[in-house]
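Shown next, in structure tokens, is the structure this report addresses.
The values are calculated or read from the model by the stated rules, or taken from the named source; none is laboratory data. Predicted model, so just to flag it, every value in this text is computed and none were measured. Quick reminder, even Gly has a Cβ in these numbers, built from the backbone with ideal geometry, and neighbours come from all protein chains shown. These area figures cover heavy atoms from the full protein model, side chains too; ligands, DNA and RNA do not enter into them. Shrake-Rupley method; radii C 1.70, N 1.55, O 1.52, S 1.80 Å.
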Amino acid sequence: MRLSNSFFYTLRENAKDEDSISSNLLVRAGMIKKSSNGVYMIMPMGKKVLSKIEDIVRDEMDKHGAQELLMPALIPEDVYISSGRREAFGSNMFALKDRYNKNYVLGPTHEELFAMAAMMDGKSYKDFPYNLYQIQTKYRDETRPRYGLIRVREFIMKDAYSFDTDLAGLDESYAKMYDAYNCIFDRLKLNYKIVKADTGAMGGLLSEEYQALSTIGEDTVVGCEGCDFSSNMEICEVVDTIEADSSEELAMEKVYTPNVGTIEEVAGFFGKEPSDFVKTLIYKADGNLVAFILPGDRELNETKATKLLKAVELEMASAEDVEKVTHARVGFAGPVGLEIPVYMDRMVAKKKNFIVGANESDHHIKNVNLKDFEVAETADLCEVKEGDICPSCGKPLTFDHGIEVGNLFKLGTKYSDSLGLEYLDQNNKLQPVWMGSYGIGLERCMAAVADQYHDDNGLIWPEEIAPFKAAIVIVSAKDEAQKEAAEKLYAYAQEKGYDILLDDRNERPGVKFKDMELIGIPYRITLGKGVKDGKAELVKRSEGQKQEIEIAELEALLDKIYA
């Protein structure tokens, strides 16, 4: 590509409305531009990177036996109602009506349509297994888009679906996709971890996520000092290490506690530690008020709580609702006498004579025991903390932050059952098809690589996905010798089919060098004053060191770079 007659721009100043390093650099490098909140244009230089990521994904999917197709983004709403997911997606799904007043949605994901497609060629057990995938735009009405391409409303996704006759077949298909994903993310040069995750609205038997480690990652990746255990915080078990209290149970006593409400304030009032208290949190689950009780030094894991209740939506109750059910100001809720279901974290079950809110403003109750209130169910409800015990080996857990760039789901027969996807087995009996689902966010991958590969001067793309592997930079566009040497090398690259950048703009050398660093070209070949002596300069972006090279060796250098 010749820059002098191409659409190309960079920005010298930081983008004012970007909240991450990667999005700021991608905007400044002229690769993306925000068109509205959570929606981005992919500009020509960015499209080069995105297309190369797409090529890697497509190559590995094809190698692992998947077949590509393309689904519509505009989908009748009834499809999601039939599968039971319309309510689960709720307001995150863009909804609209056509001219005939029929309800449609913009597809956030396509399990249902793939199941419908599979019905066209899945009549007999002999038709299985197979795997279908697409690379297509998805739409989700995110409440708070942020971090550039990380959390957006419109994004390009590779989603694949495997179809098998039984769990053993699904396991085999899942293993193939697991291997394909490892190959994809290794080729992208991402530093990632594979973690167990919540199945969420997707449902199914198992979910694993590929988390690109990042300081701006929205997910907390739980690891271990002593083994290869890894998990998303949403589902990580809190190992109960509390020893059962063997002390004598005392009689309850209400205590006047003016001007306290938080756990820290109550702890200070009683001269105790937060772990000596049991806090009560009031939530609304699918419109019904419920209470969760857990140790005072712990936080509720809302994913665990949602799954326990089999709820679609779980949210903190309003202050008005809390006051209505507890008859007290916020901060004084407790399980004793509470007339809504109480769900207890299992660590509370080992406690005795603990302190709780009295459901009366400015009052708490001490010496509370399990016999003093009713519990609907006991479960692991707490969020894991760094330093907790590993469920696998007992060593301390560690935390990292990650960007979810890919996921794998064993869906089982969830969608087959709801949509009627069946096949005839060897005994001519109808059986549900077993499905797997496998997604990769292409733009997220682009942002994650940018986040992991940059310095103060700009992006440092890995060679396989860089917009161009190499750039030829003419120091002075008015110097005929420099232009002639550059044009000769550029012509050789074109003849060989090498995708190379020629910076022949009439700009100062410093501007050209800064631009090449900002857009992250792996190799810069500079033709300047040394041309008269048969010399050129080579700079490898990842190292930054300049190397003098004979002009006569440049063609061989390109052959090596593009090999």
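In segment 252-309, which residues are in contact (Cβ under 8 Å) with a residue 40 or more places away in the chain, within 17 Å of D345 (Cβ to Cβ) and among the acidic types (D, E)?
Result: D276, E299.
Give the residues of segment 414-428 that are over 30 Å from F155 (Cα atoms) and open to solvent by less than 30 Å² (accessible area, probe 1.4 Å), sorted by residue number.
Result: Y423, D425.
For the list (1) modelled with pLDDT of 95 or more; (2) crowded, with 16+ Cβ neighbours inside 10 Å; (3) β-branched (V, I, T), I need the number of the one condition that V375 fails.
(2)
Could you name every one of the strands (runs of 3 or more DSSP E) located completely within segment 11-80 that has at least 3 residues being touching a Phe, Trp or Tyr at 6+ places or on another chain (Cβ under 7 Å)?
Where strands (runs of 3 or more DSSP E) fall fully within segment 11-80 and carry at least 3 residues being touching a Phe, Trp or Tyr at 6+ places or on another chain (Cβ under 7 Å), they are 32-36, 74-76.
List pairs: first in segment 473-487 and closer than 15 Å to E507 by Cα and without any contact (Cβ under 8 Å) to a residue 60 or more places away in the chain, second hydroxyl-bearing (S, T, Y) and open to solvent by less than 70 Å² (accessible area, probe 1.4 Å), Cβ under 6 Å, 6+ apart or cross-chain?
V473/T526; Q482/S476
Going by the structure shown, is D228 free of Cβ contacts under 8 Å to residues at least 24 places away in the same chain, more than 21 Å from T109 (Cα to Cα), among the charged types (D, E, K, R) and in a helix (DSSP H, G or I)?
no
Within segment 221-234, work out how many residues are closer than 18 Å to I403 by Cβ, hydrophobic (A, V, I, L, M, F, W, C) and open to solvent by 40 Å² or more (accessible area, probe 1.4 Å).
In the first step, residues of segment 221-234 are kept if they are closer than 18 Å to I403 by Cβ; the result is 221-223, 230-234.
Add one more test, that the residue is hydrophobic (A, V, I, L, M, F, W, C), and what stays is 221-222, 233.
Those still in the list that are open to solvent by 40 Å² or more (accessible area, probe 1.4 Å) too: none.
Qualifying residue count, segment 221-234: 0.
Could you check N259 against (1) surrounded by 12 or more Cβ atoms within 10 Å (Cβ to Cβ); (2) under 17 Å from E360 (Cα atoms) and say which number it fails?
Result: N259 passes all but (1).
So which pairs qualify, if the first residue must be in segment 390-413 and without any contact (Cβ under 8 Å) to a residue 12 or more places away in the chain and buried (at least 19 other Cβ atoms within 10 Å of the Cβ), the second must be of a type in the set (S, T, N, Q) and outside any strand (DSSP E or B), the Cβ gap must be under 8 Å, and the two must be at least 6 apart or on different chains?
none
Only one of Y343, Y438 is at pLDDT 95 or above, assigned to a strand (DSSP E or B) and in contact with a helix residue (DSSP H, G or I) (Cβ under 6 Å, 6 or more places away or on another chain). Can you tell me which? I'd like the intermediate steps shown before the answer.
Working: Y343 fails: in contact with a helix residue (DSSP H, G or I) (Cβ under 6 Å, 6 or more places away or on another chain).
Sole residue among the options that is at pLDDT 95 or above, assigned to a strand (DSSP E or B) and in contact with a helix residue (DSSP H, G or I) (Cβ under 6 Å, 6 or more places away or on another chain): Y438.
Results for (1) more than 30 Å from T526 (Cβ to Cβ); (2) among the aliphatic types (A, V, I, L, M); (3) modelled with pLDDT under 95, shown as yes or no for each residue.
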position	(1), (2), (3)
D380	yes, no, no
G406	yes, no, no
D417	yes, no, yes
C445	yes, no, no
A466	no, yes, no
I472	no, yes, no
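Having 2 or more residues that are buried (at least 23 other Cβ atoms within 10 Å of the Cβ) is the bar; report the strands (runs of 3 or more DSSP E) wholly within segment 446-563 that clear it.
Here the list reads 470-474, 501-503, 523-527.
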